[in-house]
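Report on the following structure.
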Amino acid sequence: MAIIKQKNQRVGIFIDTQNLYHGAKNLYKARVNFAAIMKEAVAGRQLVRAIAYVITTESREEANFFDALGKLGIETKTKDLQVFAGGAKKADWDVGLAIDAVKLAPKLDAAVIASGDGDFVPLVEYLKLNGVQVEVISFGKSSSMKLKEAVDDFMDMCDDPRKYVIRPRYENKKQ
(Lines give C-alpha, C1' and ligand atoms only; values in the text may rest on other atoms or scores of the structure.)
Protein backbone atom coordinates (compact mmCIF):
# COMPACT_ATOMS: atom_id res chain seq x y z
CA MET A 1 0.00 0.00 0.00
CA ALA A 2 1.38 3.38 -0.99
CA ILE A 3 1.32 6.16 1.57
CA ILE A 4 1.84 9.87 1.32
CA LYS A 5 5.12 11.12 2.76
CA GLN A 6 4.87 14.80 3.60
CA LYS A 7 7.79 17.18 4.20
CA ASN A 8 6.49 18.20 7.60
CA GLN A 9 6.40 14.63 8.92
CA ARG A 10 8.81 13.87 11.74
CA VAL A 11 10.52 10.54 11.08
CA GLY A 12 12.58 8.19 13.22
CA ILE A 13 14.65 5.39 11.70
CA PHE A 14 15.49 2.22 13.61
CA ILE A 15 18.05 -0.01 11.89
CA ASP A 16 18.42 -3.69 12.78
CA THR A 17 21.96 -3.87 11.41
CA GLN A 18 22.40 -7.63 11.85
CA ASN A 19 19.17 -8.39 9.99
CA LEU A 20 20.14 -6.23 7.01
CA TYR A 21 23.74 -7.48 7.03
CA HIS A 22 22.65 -11.11 6.82
CA GLY A 23 20.03 -10.33 4.17
CA ALA A 24 22.57 -8.64 1.91
CA LYS A 25 25.18 -11.32 2.53
CA ASN A 26 22.87 -14.30 1.97
CA LEU A 27 20.88 -12.91 -0.96
CA TYR A 28 23.55 -10.93 -2.84
CA LYS A 29 26.94 -11.80 -1.30
CA ALA A 30 27.26 -8.07 -0.71
CA ARG A 31 27.15 -5.37 1.97
CA VAL A 32 24.35 -2.95 2.77
CA ASN A 33 24.32 0.56 1.31
CA PHE A 34 23.19 2.47 4.39
CA ALA A 35 23.31 5.83 2.57
CA ALA A 36 20.64 4.59 0.15
CA ILE A 37 18.53 3.28 3.03
CA MET A 38 18.73 6.64 4.80
CA LYS A 39 17.73 8.55 1.66
CA GLU A 40 14.76 6.25 1.02
CA ALA A 41 13.65 6.20 4.65
CA VAL A 42 13.85 9.96 5.22
CA ALA A 43 12.22 10.71 1.84
CA GLY A 44 12.57 14.49 2.22
CA ARG A 45 10.95 14.53 5.66
CA GLN A 46 12.27 15.88 8.98
CA LEU A 47 14.65 13.36 10.50
CA VAL A 48 14.26 13.30 14.28
CA ARG A 49 16.71 10.47 14.93
CA ALA A 50 18.30 7.52 13.15
CA ILE A 51 19.69 4.71 15.29
CA ALA A 52 21.59 1.63 14.16
CA TYR A 53 21.75 -1.25 16.59
CA VAL A 54 25.10 -2.99 16.16
CA ILE A 55 27.14 -5.78 17.69
CA THR A 56 30.79 -5.42 18.62
CA THR A 57 33.23 -8.30 18.45
CA GLU A 58 36.31 -8.94 20.55
CA SER A 59 38.59 -7.73 17.73
CA ARG A 60 36.79 -4.34 17.57
CA GLU A 61 37.21 -4.29 13.78
CA GLU A 62 33.89 -2.44 13.46
CA ALA A 63 35.29 1.03 14.26
CA ASN A 64 35.45 2.15 10.61
CA PHE A 65 31.90 0.91 10.04
CA PHE A 66 30.65 2.85 13.07
CA ASP A 67 32.43 5.98 11.81
CA ALA A 68 30.81 5.58 8.39
CA LEU A 69 27.35 5.32 9.97
CA GLY A 70 28.05 8.44 12.04
CA LYS A 71 28.95 10.39 8.90
CA LEU A 72 25.51 9.47 7.51
CA GLY A 73 23.84 10.93 10.60
CA ILE A 74 23.15 7.53 12.13
CA GLU A 75 23.70 7.13 15.86
CA THR A 76 25.05 3.71 16.84
CA LYS A 77 24.09 1.73 19.89
CA THR A 78 26.46 -1.13 20.55
CA LYS A 79 26.26 -4.39 22.41
CA ASP A 80 28.98 -7.00 22.79
CA LEU A 81 28.60 -10.31 21.01
CA GLN A 82 27.66 -12.96 23.56
CA VAL A 83 29.57 -16.23 23.29
CA PHE A 84 28.23 -19.10 25.37
CA ALA A 85 30.19 -22.02 26.86
CA GLY A 86 29.13 -24.40 24.08
CA GLY A 87 30.37 -21.97 21.44
CA ALA A 88 26.93 -20.63 20.51
CA LYS A 89 26.81 -16.92 19.75
CA LYS A 90 24.00 -14.44 20.28
CA ALA A 91 23.62 -10.92 18.97
CA ASP A 92 20.16 -9.53 19.54
CA TRP A 93 18.96 -5.93 19.78
CA ASP A 94 15.21 -6.49 19.22
CA VAL A 95 14.11 -5.34 22.68
CA GLY A 96 16.43 -2.30 22.64
CA LEU A 97 15.14 -1.21 19.24
CA ALA A 98 11.53 -1.67 20.33
CA ILE A 99 11.99 0.28 23.58
CA ASP A 100 13.64 3.19 21.73
CA ALA A 101 10.82 3.27 19.17
CA VAL A 102 8.20 3.31 21.94
CA LYS A 103 10.06 6.09 23.82
CA LEU A 104 10.42 8.22 20.68
CA ALA A 105 6.87 7.59 19.39
CA PRO A 106 5.37 10.79 20.90
CA LYS A 107 7.91 12.83 18.89
CA LEU A 108 7.29 11.01 15.59
CA ASP A 109 4.73 11.04 12.81
CA ALA A 110 6.43 8.11 11.07
CA ALA A 111 8.73 5.33 12.24
CA VAL A 112 10.85 3.44 9.74
CA ILE A 113 12.08 0.04 10.84
CA ALA A 114 14.95 -1.24 8.72
CA SER A 115 14.49 -4.96 9.31
CA GLY A 116 12.49 -7.89 8.03
CA ASP A 117 12.22 -9.52 11.47
CA GLY A 118 8.70 -10.67 12.27
CA ASP A 119 9.40 -10.18 15.98
CA PHE A 120 8.67 -6.49 15.38
CA VAL A 121 4.97 -7.05 14.55
CA PRO A 122 3.81 -6.22 18.13
CA LEU A 123 5.91 -3.03 17.98
CA VAL A 124 4.30 -2.08 14.67
CA GLU A 125 0.83 -2.67 16.13
CA TYR A 126 1.65 -0.57 19.21
CA LEU A 127 3.03 2.32 17.18
CA LYS A 128 0.05 2.34 14.82
CA LEU A 129 -2.39 2.31 17.75
CA ASN A 130 -0.57 5.39 19.04
CA GLY A 131 -0.92 7.33 15.79
CA VAL A 132 2.50 6.66 14.29
CA GLN A 133 2.71 5.70 10.63
CA VAL A 134 4.96 2.63 10.40
CA GLU A 135 7.14 1.83 7.42
CA VAL A 136 9.60 -1.00 6.91
CA ILE A 137 12.55 -1.09 4.54
CA SER A 138 14.13 -4.49 4.10
CA PHE A 139 14.99 -7.29 1.68
CA GLY A 140 11.55 -8.68 0.85
CA LYS A 141 12.87 -12.16 0.06
CA SER A 142 14.08 -12.53 3.66
CA SER A 143 11.32 -10.57 5.41
CA SER A 144 8.44 -11.86 7.49
CA MET A 145 5.12 -11.89 5.64
CA LYS A 146 3.34 -10.96 8.89
CA LEU A 147 5.57 -7.89 9.22
CA LYS A 148 4.91 -6.85 5.60
CA GLU A 149 1.16 -7.15 6.20
CA ALA A 150 1.25 -5.22 9.50
CA VAL A 151 3.00 -2.06 8.30
CA ASP A 152 1.58 0.97 6.52
CA ASP A 153 4.29 0.77 3.83
CA PHE A 154 6.86 -1.86 2.91
CA MET A 155 9.87 -0.78 0.84
CA ASP A 156 11.42 -3.88 -0.72
CA MET A 157 15.15 -3.49 -1.28
CA CYS A 158 15.04 -6.58 -3.53
CA ASP A 159 13.17 -4.44 -6.10
CA ASP A 160 16.41 -2.54 -6.77
CA PRO A 161 19.36 -4.43 -5.23
CA ARG A 162 21.96 -2.37 -7.13
CA LYS A 163 20.75 0.64 -5.16
CA TYR A 164 20.79 -1.00 -1.74
CA VAL A 165 23.85 -3.26 -1.76
CA ILE A 166 27.56 -2.70 -2.25
CA ARG A 167 29.39 -5.53 -3.93
CA PRO A 168 33.07 -6.19 -3.28
CA ARG A 169 35.27 -4.14 -5.64
CA TYR A 170 36.50 -7.16 -7.59
CA GLU A 171 32.89 -8.09 -8.48
CA ASN A 172 32.09 -4.56 -9.67
CA LYS A 173 34.88 -4.83 -12.27
CA LYS A 174 33.42 -8.08 -13.68
CA GLN A 175 30.02 -6.54 -14.47
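The values are calculated or read from the model by the stated rules, or taken from the named source; none is laboratory data. Nothing here was measured: the structure is a model prediction, and the numbers come from that model. All Cβ positions, glycine included, derive from the backbone under ideal geometry; neighbour counts span all protein chains shown. Note: areas computed on protein heavy atoms with side chains; ligands, DNA, RNA excluded. Shrake-Rupley method; radii C 1.70, N 1.55, O 1.52, S 1.80 Å.
Overview of results
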| read-out | value |
| --- | --- |
| Residues of region 24-53 satisfying the condition of being among the aliphatic types (A, V, I, L, M) and open to solvent by 20 Å² or more (accessible area, probe 1.4 Å) | Leu27, Ala35, Val42, Ala43, Leu47, Val48 |
| Conditions (1) over 23 Å from Lys146 (Cβ atoms); (2) touching a residue at least 24 places away in the same chain (Cβ under 8 Å); number of the one not met by Ala63 | (2) |
| Odd one out for Phe120, checked against (1) under 28 Å from Lys29 (Cα atoms); (2) out of contact with any Asp or Glu (no Cβ under 9 Å at 6 or more places or on another chain); (3) aromatic (Phe, Trp, Tyr); (4) surrounded by 15 or more Cβ atoms within 10 Å (Cβ to Cβ) | (2) |
| Selection status of Ala114, hydrophobic (A, V, I, L, M, F, W, C) and free of Cβ contacts under 8 Å to residues at least 60 places away in the same chain | no |
| Subset of region 79-109 [hydrophobic (A, V, I, L, M, F, W, C), in contact with a Lys or Arg (Cβ under 7 Å, 6 or more places away or on another chain) and at pLDDT 95 or above] | Leu104, Leu108 |
| Segments classed as strands (runs of 3 or more DSSP E), wholly inside region 68-175, with at least 1 members that are over 23 Å from Gly44 (Cα atoms) and not aliphatic (A, V, I, L, M) | 75-80 |
| Selection status of Thr56, farther than 19 Å from Ile113 by Cα, surrounded by 15 or more Cβ atoms within 10 Å (Cβ to Cβ) and touching a Leu at 6+ places or on another chain (Cβ under 9 Å) | yes |
| Residue satisfying all of: in region 132-154; open to solvent by 30 Å² or more (accessible area, probe 1.4 Å) and of a type in the set (A, V, I, L, M, F, W, C); nearest to the chain's Cα centre (by Cα) among these | Phe154 |
| Residues (under 17 Å from Ala30 (Cα atoms) and acidic (Asp, Glu)) located in region 138-166 | Asp156, Asp159, Asp160 |
